[in-house]
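Below is one structure, written out as C-alpha cells, with a few remarks after it.
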Amino acid sequence: MTSVRAFVAGALLVWLAAAPFAQAQAPKKPNAADIRLALEKLNVLGSVLYMAAHPDDENTRLIAYLANERKLRTGYLSLTRGDGGQNLIGPEIREELGIIRTQELLQARRTDGGEQFFSRANDFGFSKNPAETFTIWNREQVLADAVWVIRNFRPDVIITRFSPEPGGTHGHHTASAMIALEAFEAAADPKRFPEQLKTVAPWQVKRLLWNTSSFFYGQGRQFDPTGKLTVDAGMYNALLGKSYNEIAALSRSMHKSQGFGSSGTRGEAIEYFEFLKGDKATTDLLEGVTTTWSRVPGSNEVSKLVQETLRNYNPANPAASVPTLLKTYAALNKLPNSYWKTVKQQELQDVIKACLGLYLEAASVNEYAVSPGEPVTVALEAVNRSGVPVTLNKVEYLFAGKDTAVQQKLEPNQPFFARTTLTLPAATPYSQPYWLQLPGSTGMFRVDAPALIGLPENPAPAQVRLQLTVQNQPFTFTLPLVYKRTDPVEGEQYRPFEVAPPVTVNLAEKVYVFADAQPKPVTVRVRAGKDQVAGQVSLRLPAGWRAEPAQQAFTLAQKGAEQSFIFQVYPGATQTESTIGAAVTANGRTYTQGLTSIQYNHIPTQTLFPEAAAKAVKLDLKRKGQLIGYLMGAGDEIPASLQQIGYTVEQLRVEDLNASSLRKYDAVVTGVRAYNTLERLKFQQPQLMEYVRNGGTLVVQYNVSNGLVTTELGPYPIKLSNDRVTVEDAEVRFLKPNHPVLNTPNKITEQDFRGWVQERGLYFPNQWAPEYEAVISSNDPGESPKDSGLLVAKYGKGHFVYTGYSFFRELPAGVPGAYRLFVNLLSLGK
C-alpha cells in the first residue's frame, strides 16, 4: 500500500510543480504580508474546486475569498478555453482566441490566488441546451477529464457556477453542472476510468453545491434564500490591503478579450449555495471536513511547529522563521507519503525560499527562441538575501541532460552568476500548445498524453534544477528557462523561452478566394530560426491548380531574417473548396510549420507553429461596385476577406465620418459590435444616415443587445434581442425570393447556405419597423422562425441593411455562399 501511495504522491508532485505556470513571469518576490499569508495557509488542509464552462464564468470573488480568507487550496475547472467567443481586443478568433483566454484565466488566478484547469472540450460556439452540447462534445471524454482533475486535485467540496437543470442559459453552462454531478460519483468509483488508477486513486468529494443567486431567477421567478448556505465574501483582508470584492474586480478585469473590466466594490457581499449532492451542510461550506493537521496521522509535531512559526513571525525579519520552518520540513518528511504531505512539502519549500529572500533565475541569453540542435546560453543567478547559511551544490540542465557540481556558499546578498552554453537536443519538440498539436474535432481537442490533460498550458520546454542546502538540509528547486530583456520604456520584460523550427513559412492570408479564372498572387514569407539557412520554397496546390514559378530558392544568413516570395496561382476550372499549403526544403528536410505570435500587454507573448496552410476557394462570383468603407468595431477579418475578391477597402475612423466624404464609397460596412464599442457613434450616426439618404448603401453587422451606445441603429426603429440560430446548417427559407439581395448580381440558392461554420447568426432583432423587409428566415430545431437575421430598408435614395448573420466568421473561413450573399448586400442599388 505504501508503494501505491508513493506513486500517487509522485504523480501529484508533477501537477504541483506545473500548477503555478509562471514560466513567462519574473521570479516571485514575496513581501512580508505574502509570507504571512503563506504561513497561515500551511495550517489549512482543505480544498475546493469551482466548475463552469468558459473563461469568465467563474466567481472571482468567491475564489479570492476561499483562497485568501479561508486559506483553502482553490481551483477552477473551466471545461473549455473559450475558443468560440468574440474578441474585443483584436482579430484573433477560434484557436488563437482560446489561447488568449487561457492566458487571461492564468493571469486572473495569479491575481485571486486560485489554480486553473481545463478539459479537452472545445468551445464550438453558443449552444441553446445541454442536449445539443452533448451531440458535439464527447460526453464520456469530458467526464473522464473532470474525474481526472478531481482525482488529482482531491477537492473536499465542488461548487458549480450553474444549475444542472436545463433552461435559461447557455447549453455549455448547464452541461458543466451536469458533468459535475456525474463526476462527483465517478471520481469515487474505481470501476469508472480505471486506466487513471495507474497514477491516481479514487476520490470521494464531501459535497456538491450550486453557487446560486437572484441572477438565475428571471422571468417572474422569485429568488428565495431560505434554506441556502450563505457566505459573506465581501470581507476585507488587511494583509492584502483589499476586500475580496476589490481583488475579484482585478481578477475579472484580466478577461480583456471579453470586455469584462470591473470596478472594485467594498462591503458585504453574500454568496448563496444550494445543495446538489453528498453530505448536506447547514452552517458552512466545509462542514464535517477536517481542515487541520489532524487529518494527517502522526502530524502533531508538524502542527506544533507551524503554530510556533506563526506566533513568532516577524514581518521585519522573515528569515528569523527559517530555523523553525526547517524543523517543520524535517518533521513533515518523516511522515508516510500522502496527498497532503506532498502538497505541504511544496508549500513549505516555497515559504522557506521566500523567508530567505532567495532569488533564483535561469534565463536564455539574447535568444527567446532556439531550434533543436542549436546552442542555447543559460545565465544563472542565485542570491541569498538573508544571514541563514545557504549553499548551492549542483546545477542540472534537465533539457540537455547535463549537470555541474558547484559547491558554492551563497554569502548574504552576494549574487552568484554562472553562464553555460549547451546544445538543445535535436529531438526537442517545438513549442506548440499541447491541445493543438494534433487535429481534433468540432467538439473536442485531441490530447494523447494523459499527464497533460487538465493542465492550462505546456510545462516549460527547458528547465534547470538547483540542488541547495539550507543549514545543511537539502532542497531542490526547478526553474523554467525564461527570456528577459530591458525595454527602454517598460524596463525589465519577460517572455517564455520557445523551441522553434529552424525555418518557418507563412502564407500572407488565411483564405484565398478566386472569384474568376484569373491568377492571384500568393505571397509566402520564409523566416530563419537559426543562422545560415538555405533551400527551396514551394506551394502545395489542389489538383488542377498550378503556380508560377513552381519553386523558388532562398538564402537567409542570419537568424530572424525574412524573405518574401510571390507565386502566381492559377485556379482550377470548377468551383471548389480546398487548401493551399507552403513548404520549405532545407538541409535535406522539409518544413511546413508557420509562425504566429500573439502579443498583448496583459498576457505573456504566445507563439504558435501551425501548419502553413490556407483555405483555397474557387467560386462563381459577380460583384458590383469597387470602393468599400469599413468602420472596424470589436475586430474582425472581413476587410481582408473583401480585398480577396477584388474590392478596395478603406478603413474609416468614427470621428471622421461625414456624409459628404462618404459619398465616394459604393458601400459602407460597420464591423461587428461597432455600436457596442465605438462611443462616438452615438454622435456620428446622423452622418451615416445622411449617407444612406443620399444614395449610399450601409451594412450594419451584428451588435450585442446590451451596452449599445445608441438605440437608433437604423433610419427606422429596430430593437435587438438575444435571439440566435446556433445550428450552422439550420434550414434557411426565402421570405422574399424576388428581392435583389437574393438575385443581384448573384443568384442565391439553398446551396449557398451549406458549409457554414459556428452558427447561422446571433442577436437578431425581435422588433422592427414595417419599413424593413425581412428577406430570409431560419431557426434552430423545435423553435419558432427567426425572420429578422437580415433586414433591408430603403431610405431616401439609398439602402440600409442590418444583419445578424455571422459573416464575420463565414468570410474568414472561406464559405462560398457567404461571400456571394455579402456581395449582394454591398451591391444593393448599383
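Taking the beta-carbon count within 10 Å as an exposure proxy, list E690, E246 from fewest neighbours to most. Each step should come with its number before you reach the end.
On the way: E690 18, E246 21.
Least to most surrounded, the residues fall as E690, E246.
Counting pairs on different chains as well as pairs 8 or more places apart, how many Lys pairs in the range 503-618 have Cα atoms under 23 Å apart? Before the final figure, lay out the partial values.
Numbers: K510/K520; K510/K615; K510/K618; K520/K615; K520/K618; K530/K559.
Count of close lysine pairs: 6.
Take V231, V302 and order them by how many other Cβ atoms sit within 10 Å, fewest up front.
V231, V302
Past 18 Å, Cα to Cα: identify those pairs from K797/K830; K128/K719; K71/K277; K736/K786, in the order given. Intermediate results must be reported in sequence, preceding the final value.
Values: K797/K830 11 Å; K128/K719 21 Å; K71/K277 24 Å; K736/K786 14 Å.
Cα-Cα > 18 Å for K128/K719; K71/K277; rest within.
Of K402/K484; K198/K394; K206/K334, which ones are farther than 25 Å apart at the Cα?
K198/K394; K206/K334
Mean Kyte-Doolittle hydropathy of 0.5 or higher plus an axial Cα length of 20 Å or more: which whole DSSP H helices in the chain meet both?
Details: long enough: 2-18 (24 Å, 1.68); 95-112 (26 Å, -0.78); 139-153 (21 Å, 0.23); 171-186 (22 Å, 0.42); 339-356 (26 Å, -0.41).
In the chain, the long hydrophobic H runs are 2-18.
Taking the Cβ-Cβ separation of A769 and F683 as r and a Förster radius of 22 Å, what is the calculated FRET efficiency to the nearest 0.05?
0.45
Please list the non-local residues whose amide H lies under 5 Å from the amide H of N237, H modeled 1.01 Å from N, same-chain partners needing a gap of 5 or more.
Placed amide hydrogens put K242, S243, Y244 under 5 Å from N237.
Under 20 Å Cα to Cα from K327, which lysines show up? Leave out anything in the same chain fewer than 8 places away.
Hits, sequence-local ones excluded: K41, K304, K341, K344, K353.
How big is the gap, in Å, between the Cα center of the range 193-246 and the Cα center of the range 168-190?
Between the Cα centre of the range 193-246 and that of the range 168-190, the gap is 15 Å.
What net charge do the residues around S641 carry, taking every other residue with its C-beta under 10 Å from that of S641, with Lys and Arg at +1 and Asp and Glu at -1? Please list the in-between numbers first.
Working: positive: K510; negative: E509, D636, E637, E810.
Once all neighbours under 10 Å are counted, the net charge is -3.
For R485 and T590, what is the calculated FRET efficiency with R₀ set at 25 Å and r taken between the beta-carbons, to the nearest 0.05? Don't skip to the answer; put the middle values down first.
Values: r = 33 Å, r/R0 = 1.32.
Working from the Cβ atoms, E equals 0.15.
HN-Hα J couplings of the range 387-404 from phi, Karplus 6.51/-1.76/1.60, θ = phi - 60°, integer Hz, Gly and Pro as x?
Values, residue by residue: x, 7, x, 10, 10, 8, 9, 7, 10, 10, 8, 4, 5, 10, x, 10, 9, 9 Hz.
Which lysines, on any chain, are close to K256 with Cα under 23 Å apart, when same-chain ones fewer than 8 places away are left out?
In chain and number order, the partners are K242.
What residues have an amide H closer than 5 Å to that of S253, excluding those fewer than 5 places away on the same chain, when H is modeled at 1.01 Å from N in the peptide plane?
Residues meeting the criterion, in which the H sits 1.01 Å from N, are S262.
Straight distance only, please: which aspartates and glutamates reach the Cα of K664 with their own Cα at less than 20 Å, same-chain residues fewer than 8 apart left out?
Here the aspartates and glutamates satisfying the reach criterion relative to K664 are E650, E655, D656, E690.
Here are some values of Cα Rg over 2.2 N^0.38 Å: [x] 0.97; [y] 1.11; [z] 1.04. Which one was computed from this structure?
The value computed from this structure is option [z].
Rounded to the nearest 500, what is the 222 nm mean residue ellipticity of the chain from helices alone, with -39500 (n - 2.57) per DSSP H run of 4+ residues and division by all residues? Could the numbers behind the result be given before it?
On the way: 17 runs with 188 residues, N = 830.
It lands at -7000 deg cm²/dmol.
If I stretch the segment between N738 and Q643 completely, what's the gain in nm (0.36 nm per residue apart, minus their alpha carbon distance), one decimal?
Numbers: separation 95, 0.36 × 95 = 34.20 nm, distance 2.85 nm.
Here the segment from N738 to Q643 would lengthen by 31.4 nm.
If you plug each phi of the range 409-420 into the Karplus form 6.51 cos²θ - 1.76 cosθ + 1.60 with θ = phi - 60°, what whole-Hz ³J(HN,Hα) values come out, in order, with x for Gly and Pro?
6, 8, 5, x, 6, 10, x, 9, 10, 8, 10, 9
Once label points are set 7 Å from the Cα along Cα→Cβ at both E301 and T135, what is their separation, rounded to one decimal in nm?
Result: 6.3 nm between the two label points.
Readers should treat all values here as calculations from the given coordinates under stated rules, not as data from a laboratory. Source: prediction; values computed, not measured. FYI the Cβ positions are ideal-geometry reconstructions off the backbone, even for glycines, and counts take in every protein chain you see.
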